[in-house]
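Structure first, commentary second.
Read the figures in this text as sums done on the coordinates, not as results from a lab. What you are looking at is a predicted structure, and each value in this text was computed from that prediction instead of being measured. Quick reminder, even Gly has a Cβ in these numbers, built from the backbone with ideal geometry, and neighbours come from all protein chains shown.
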Amino acid sequence: MAHLIPSPARDRPVRGITLKLLSVVAFVGMASFIKAAGEVPAGEIVFFRSFFAIPPVLAMMIWRKELGVALSTNRPLGHLLRGTVGVTSMTIGFFALTRLPLPEAITLGYAQPLIVVVLSALVLRETVRIYRWTAVIVGLIGVIIISLPRFTLFSGASEMSSQETLGVIAALTAAAIGACALLLTRNLVTTERTPTIVLWFCLTCSAWGLMTIPFGWVMPTPSQATFLILAGIFGGLGQILVTESYRHAEASTVAPFEYSSMILGVLVGYFAFGDVPTIHMLVGGSIVVGAGIFIIWREHRLGVAQAAARKITPTQS
């Protein structure tokens, strides 16, 4: 799923946290509708998810009077590259969602921020110290705990178990590719407006989704079409809500509440789809969540320290 890039934070933490929690509800709702639609081809899901996210995003842009500049850019190739990488992650992630219990699909997505730390060190040459490396290693151990029971692909297991194994591989692959998309977004946000990034992304994903028609779209039933349209609308609403949450509070304040989706995913999975969380998912998920929250806290501390250093330096020179 694609997130809008936040504007500078303001000192309204309660409102920011409330909007963040509402965005979690919207994104879990989106995932739930996709799962309820059944085994629809992933490219078809991408189209519905992206195209029907555009109306609520356009409504936000009209309300903020940003529609006139939404498509204006000097970096179309950058947007197309970010969109292509993002839609690849989205497609693989939707494949995973149709093959795994909802709580596991959501929780395995938490591997993404861990991978971002690794890529930031290896690709962007950012300094990552022992604390964050330790958190990444611990978090990946949690991912292994969640995944291990599903790795039955080569053990003569049933077709269902094999599909779940493919789902785990797809979920982790989607997280890795999604981390690459986040790095590309970091680069775009230095010169591009939020509405420009979001609208280009939605249009790019919609176009890529349409291009998968020759690879086996199916005619959705009325209920499937309804679920897919709702998935797109909820995805668009989630983008709006998460954007607004970062307008009212610092990222370090609202970001940890992303992990409330694990609790909501367990509840929705159990009551809507009969998915009973396994002990591996609960233990491994708790480890991944703890590692993710530690990384957020550590980045916040480093940000505070760097800001303090910038204030002190001019007076010492």
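When the chain is treated as a GNM, springs tying every alpha-carbon pair under 10 Å, which of ARG186, ARG129, ARG247 comes out with the largest mean-square fluctuation?
In this elastic network of the chain, the residue with the biggest mean-square fluctuation among ARG186, ARG129, ARG247 is ARG129.
Which of the peptides 199-205, 135-141 is most tightly packed, and how do the rest follow, going by the mean number of other Cβ atoms within 10 Å of each residue?
In decreasing order of mean packing, 199-205, 135-141 become 199-205, 135-141.
Take the alpha carbon gyration tensor of the chain, find the square roots of its eigenvalues, order them as a ≥ b ≥ c, and report rounded if a/c is under 1.5; if not, report prolate when a/b exceeds b/c, else oblate.
oblate
May I ask you to work out the translational diffusion coefficient for the stretch 148-280 at 10 °C, viscosity 1.306 mPa s, via Stokes-Einstein with Rh from the Kirkwood sum over Cα pairs, reported in whole µm²/s?
Working: Rh = 18.6 Å.
The diffusion coefficient I find is 86 µm²/s.
Just need the Rg to Rh number for the stretch 26-113, please, alpha carbons only, Kirkwood Rh.
Details: Rg = 15.2 Å, Rh = 14.8 Å.
Here Rg/Rh amounts to 1.03.
Hey, how many Å between the Cα centroid of the stretch 39-78 and the Cα centroid of the stretch 124-150?
Rounded to whole Å, the Cα centres lie 33 Å apart.
For VAL14 and TRP297, FRET efficiency with R0 = 22 Å and r from the beta-carbon atoms, rounded to 0.05?
Values: r = 20 Å, r/R0 = 0.90.
In this case the efficiency is close to 0.65.
Once phi is turned into ³J(HN,Hα) by the Karplus curve 6.51 cos²θ - 1.76 cosθ + 1.60 with θ = phi - 60°, what whole-Hz value does each residue of the stretch 281-292 show in order, with x for glycine and proline?
Whole-Hz 3J(HN,Hα) from phi for the stretch 281-292: 5, 5, 5, x, x, 4, 5, 4, 4, x, 5, x.
Give me the percent relative contact order of the chain, please, defined on Cα pairs under 8 angstrom at least 6 residues apart.
Here the relative contact order equals 44 percent.
Quick check on the stretch 14-60: what are the equivalent-ellipsoid semi-axes from the Cα gyration tensor, as sqrt(5λ), descending, whole Å?
Working: eigenvalues 116, 45, 7 Å².
So the three semi-axes of the stretch 14-60 are 24, 15, 6 Å.
Choose one of TRP208, THR253, LEU97: the residue whose Cα lies farthest towards the positive end of the charge dipole of the chain (beta-carbon charges +1 Lys, Arg; -1 Asp, Glu; about the Cα centre).
THR253
Could you tell me which residue out of GLY38, SER23, ALA53 lies farthest along the dipole of the stretch 10-53 toward its positive end? Charges go on the beta carbon: Lys and Arg +1, Asp and Glu -1, centred on the Cα centre.
SER23
Count charges around ILE293 for me, please; just the other residues with Cβ under 12 Å from its Cβ, Lys/Arg as +1, Asp/Glu as -1.
On the way: positive: ARG298; negative: GLU258, GLU299.
My count for the surroundings of ILE293 gives -1.
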